[in-house]
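Only one structure is covered here, and it is reproduced in the block below.
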Amino acid sequence: MRRMTQPQARPRIALVGTGGTIAGAAPAQAGDTSAAYQSAVVTAADLIERVPPLARVAELQAEQLLQIDSADFTDDLLLALARRVAALCVRDDVDGVVVTHGTDTMEESAYFLHLTVKSAKPIVLTGAMRPGTALAADGPVNLLHAVAVAAHASSAGRGVLVVMNEEIHSARDVAKVHAMRLDAFASPHGPLGAVVEGAPRWWRAVARPHTTSSEFDIAAIDTLPLVGVVTSHGHMRRELYDAWVTAGARAIVHAGFGGGTVPAYLKPVLAELCAQGVLMVRASRVGAGPVIRNANFDDDACGSVVTDDQNPPRARLLAALALTCGADAAAMQQVFWRY
Ligand code: ASP
């Protein structure tokens, strides 16, 4: 009897376009290496057209959720993105989701999805440092790799991933660390893996809760409470903190020097704001390494919170999510230790 070989079904991947440089183009006269281009002009469907090998990797369904420079992301747009990704993940005809996104705020969107989308299906963000019109554009290969990772069974349950420059990063850790180079993304603890010969190869997994094990759920979140970030530099002014309080911020991330250090002349200000009920969250502007509780600032006496090793932009999001659950300082501290 002849054995019939069934055609192999390709994984079905939803591609959500949001804009950014991966969807960017420069005018012909700008030159092949010019940084002068317009982001967010090429549609998600056209991005797919430009990468023929994608057809071998997955069956893609493209949609254009947004067409923006990622600098223009607001919390409302972030919530809309999370709702859309969550809706796609529950569909039986979707095996994984890829989001094309500007690189400037990719780490924030990725982290928000990592904490709020209740799905073990692979969710991968990717982008580009150069527009598609550049001589050595990185967008096409990044997109191919992102889809290959999203389409691979081994990517399930790892939380939200960022695939850039052949590396696979966890949304918990990754940050944009260079304004121009192709290796612009890095994680303080290293990438989770790499794309090798078109498939993911894993080295490690994140230990902290995410997606299905996170206590936050986009389905239960209508709006995000306002949380501000104040980044430290020499000669600070209290007006920066007061401005956030006037704007209605319920928590302020103090992005301090080194280990979240607070200048002596600002310590009474932070203590006063804590006493007023504003949650003060101490992070490090360095972007890596832990902030130690009660070191150089009396967190216990003031009722302030430290971020563990979360960088200030992600600390803002985690603090806002904790506030949606009614967290006080003690509960928020536990959230930062946990995530
Ligand atoms: N400004 C662009 C953006 O974030 C930069 C990029 O995508 O690389 O949308």
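The values are calculated or read from the model by the stated rules, or taken from the named source; none is laboratory data. Everything numeric in this text was worked out from a predicted model, so none of it was measured. So basically every Cβ, Gly included, is an ideal-geometry build from the backbone, and we count neighbours across all protein chains shown.
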Any hit, segment 35-42, residues being more than 11 Å from the ligand (Cβ to nearest atom), hydroxyl-bearing (Ser, Thr, Tyr) and either within 23 Å of Thr324 (Cβ to Cβ) or surrounded by fewer than 18 Cβ atoms within 10 Å (Cβ to Cβ) (or both): no
Residue count for segment 188-218, restricted to those that are hydrophobic (A, V, I, L, M, F, W, C) and loosely packed, with under 12 Cβ neighbours inside 10 Å: 4
So Ile168, is it more than 28 Å from Ala220 (Cα to Cα), in contact (Cβ under 8 Å) with a residue 24 or more places away in the chain, in contact with a strand residue (DSSP E or B) (Cβ under 7 Å, 6 or more places away or on another chain) and among the β-branched types (Val, Ile, Thr): yes
Single condition Val97 does not satisfy, out of (1) more than 16 Å from the ligand (Cβ to nearest atom); (2) within 29 Å of Pro225 (Cβ to Cβ); (3) not in a strand (DSSP E or B): (3)
The lone exception for Asn296 - which of (1) modelled with pLDDT of 95 or more; (2) out of contact with any Pro (no Cβ under 7 Å at 6 or more places or on another chain) it fails: (1)
Residue among Ile13, Ile22 that is at pLDDT 95 or above, among the β-branched types (Val, Ile, Thr) and assigned to a helix (DSSP H, G or I): Ile22
Pairs with Cβ under 8 Å, 6+ apart, first in segment 176-193 and of a type in the set (A, V, I, L, M), second loosely packed, with under 15 Cβ neighbours inside 10 Å: Met180/Ala35; Ala184/His178; Leu192/Trp202; Leu192/Trp203; Leu192/Arg204; Leu192/Ala205
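Per-residue answers, yes or no, for (1) more than 22 Å from Pro131 (Cβ to Cβ); (2) assigned to a helix (DSSP H, G or I); (3) modelled with pLDDT of 95 or more; (4) more than 16 Å from the ligand (Cβ to nearest atom):
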residue: Thr33; (1), (2), (3), (4): no, no, no, no
residue: Ala62; (1), (2), (3), (4): no, no, yes, yes
residue: Leu79; (1), (2), (3), (4): yes, yes, yes, yes
residue: Arg91; (1), (2), (3), (4): yes, no, yes, yes
residue: Gly102; (1), (2), (3), (4): no, no, yes, no
Tally of residues being in contact with a helix residue (DSSP H, G or I) (Cβ under 9 Å, 6 or more places away or on another chain) and of a type in the set (D, E, K, R) across segment 36-70: 4
Selection count, segment 104-122, where residues are more than 12 Å from the ligand (Cβ to nearest atom) and surrounded by 24 or more Cβ atoms within 10 Å (Cβ to Cβ): 9
Enumerated strands (runs of 3 or more DSSP E) restricted to segment 122-212, each holding at least 1 residues that are within 24 Å of Val41 (Cα to Cα): 123-126, 161-164
